[in-house]
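Trainee: My questions all concern the structure below.
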Amino acid sequence: MTVTINSDLGEGIGLHSFGNDEELLNLIDVANVACGFHASDPQIMEHTVAIAFRQRVAVGAHPGFPDLVGFGRRAISMTPDEVENMVRYQVGALSAFLDKYDLPLNHIKPHGALYGVASQQPEVMAAIARVARDYSVPVFGLAGTLHQEVAEELGVGFVGELYVDLDYSAAGELLIKRKPQPIDPAAAAERVARALETGKVTSVEGTEVEISFNSICVHSDPYNAADVVRALKNIIH
């Protein structure tokens, strides 16, 4: 099984707000680039795509709810049409910068609260999947949830993810935080090694949760994100 490492990038505001992004782009396989609604701006997007082009990193769109203050971690009530238009608008913005560098759009991965809502409300997931279908790209999400079920119903490719810096509930739901906290690289590597061997992770309740994945997400927020990626590369490469 080929497993990639992806990270959510371009989530600053302003030309000099790149955080760990430049270092991570030297290490990861896939970048999920924010598109301006929960974070990012034209300068951030252009800079991130330019580096991804040089480093041969695949780039996907990371659309979120229009919530700069809450960083897209707060759900906003929208109709399915509104969700579809919101996602299409953001994907189109990123695609303009990809076109500049003759890079293809690799995938769509909803951000934060949109990711969570899409795993629970089929009409929201369907709105996202329709945009992915129009661009002929897969959706990144949680296997065994509506992310996968709805994508497959609509004939859209699906890539399951494993998170190393967020916890899982006993029901297999991802416990989304406003700001992921640093994780010990060795502990992250242990989670991945165990998941690869057994197909399971341990929930916060201590129960075993089955997990199917082809990509591992490492958030860029923590100061040691690059160290975590390096530890994971030793496991999967």
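The values are calculated or read from the model by the stated rules, or taken from the named source; none is laboratory data. Worth saying up front: this structure is predicted, and the values here are computed from it rather than measured. Note: ideal-geometry Cβ built from the backbone for every residue, glycine included; neighbour counts use all protein chains shown.
Trainee: Limited to region 144-188, what total is found for residues that are of a type in the set (D, E, K, R) and not in a loop (DSSP other than H, G, I, E, B)?
Mentor: So in region 144-188, the residues of a type in the set (D, E, K, R) come out as 149, 152-153, 161, 165, 167, 173, 177-179, 184.
Still in the list and also not in a loop (DSSP other than H, G, I, E, B): 149, 152-153, 161, 167.
Residues flagged as of a type in the set (D, E, K, R) and not in a loop (DSSP other than H, G, I, E, B) within region 144-188 amount to 5.
Trainee: Just to verify a result, which residue in region 67-95, among those that are over 20 Å from Ser136 (Cβ atoms) and acidic (Asp, Glu), is surrounded by the most Cβ atoms within 10 Å (Cβ to Cβ)?
Mentor: Asp67
Trainee: Of all residues being at pLDDT 95 or above and acidic (Asp, Glu) in region 134-174, which is surrounded by the most Cβ atoms within 10 Å (Cβ to Cβ)? Just the residue, please.
Mentor: Glu161
Trainee: With respect to Gly64, determine if the residue is crowded, with 16+ Cβ neighbours inside 10 Å and out of contact with any Leu (no Cβ under 7 Å at 6 or more places or on another chain).
Mentor: Details: crowded, with 16+ Cβ neighbours inside 10 Å: yes; out of contact with any Leu (no Cβ under 7 Å at 6 or more places or on another chain): no.
No, not satisfied.
Trainee: Can you spot a residue in region 96-111 that is surrounded by 15 or more Cβ atoms within 10 Å (Cβ to Cβ), part of a helix (DSSP H, G or I) and not acidic (Asp, Glu)?
Mentor: Going through region 96-111, the residues surrounded by 15 or more Cβ atoms within 10 Å (Cβ to Cβ) turn out to be 97-98, 103, 105-111.
Within this subset, residues satisfying the condition of being part of a helix (DSSP H, G or I) are 97-98.
Imposing the further condition that a residue be not acidic (Asp, Glu) reduces the set to 97-98.
Yes: one or more hits.
Trainee: Got a sec? Which of Tyr89, Tyr115 is more than 14 Å from Asp8 (Cβ to Cβ) and among the aromatic types (Phe, Trp, Tyr)? Break it down stepwise before answering.
Mentor: Numbers: Tyr115 fails: more than 14 Å from Asp8 (Cβ to Cβ).
When all the criteria are applied, what remains is Tyr89.
Trainee: Another question, if that's okay. Identify all residues within region 175-201 that are hydrophobic (A, V, I, L, M, F, W, C), surrounded by fewer than 19 Cβ atoms within 10 Å (Cβ to Cβ) and more than 29 Å from Phe65 (Cβ to Cβ); write none if there are none.
Mentor: Residues of region 175-201 that are hydrophobic (A, V, I, L, M, F, W, C), as a first pass: 175-176, 183, 186-189, 192-193, 195-196, 201.
Checking which are surrounded by fewer than 19 Cβ atoms within 10 Å (Cβ to Cβ) leaves us with 175-176, 186-187, 193, 196.
If the condition is that a residue be hydrophobic (A, V, I, L, M, F, W, C), surrounded by fewer than 19 Cβ atoms within 10 Å (Cβ to Cβ) and more than 29 Å from Phe65 (Cβ to Cβ), then Ala186, Ala187, Ala193, Leu196 are the ones that fit.
Trainee: Determine if region 143-155 includes at least one residue that is farther than 23 Å from Leu98 by Cα and touching a Pro at 6+ places or on another chain (Cβ under 7 Å).
Mentor: Going through region 143-155, the residues farther than 23 Å from Leu98 by Cα turn out to be 143-155.
Still in the list and also touching a Pro at 6+ places or on another chain (Cβ under 7 Å): 146, 150.
Yes, that holds for at least one residue.
Trainee: If you don't mind, another one. Cβ-Cβ distance below 8 Å, separation of 6 or more or different chains: which pairs start in region 115-138 with a residue that is at negative phi and polar (S, T, N, Q) and end on one that is surrounded by fewer than 23 Cβ atoms within 10 Å (Cβ to Cβ) and not in a loop (DSSP other than H, G, I, E, B)?
Mentor: From region 115-138, the pairs are Ser119/Leu146; Ser119/Leu174; Gln120/Leu146; Gln121/Leu146.
Trainee: So for region 29-43 (the condition being out of contact with any His (no Cβ under 9 Å at 6 or more places or on another chain), aliphatic (A, V, I, L, M) and either at pLDDT below 95 or buried (at least 24 other Cβ atoms within 10 Å of the Cβ) (or both)), does at least one residue qualify?
Mentor: Scanning region 29-43, I find no residue that is out of contact with any His (no Cβ under 9 Å at 6 or more places or on another chain), aliphatic (A, V, I, L, M) and either at pLDDT below 95 or buried (at least 24 other Cβ atoms within 10 Å of the Cβ) (or both), so the answer is no.
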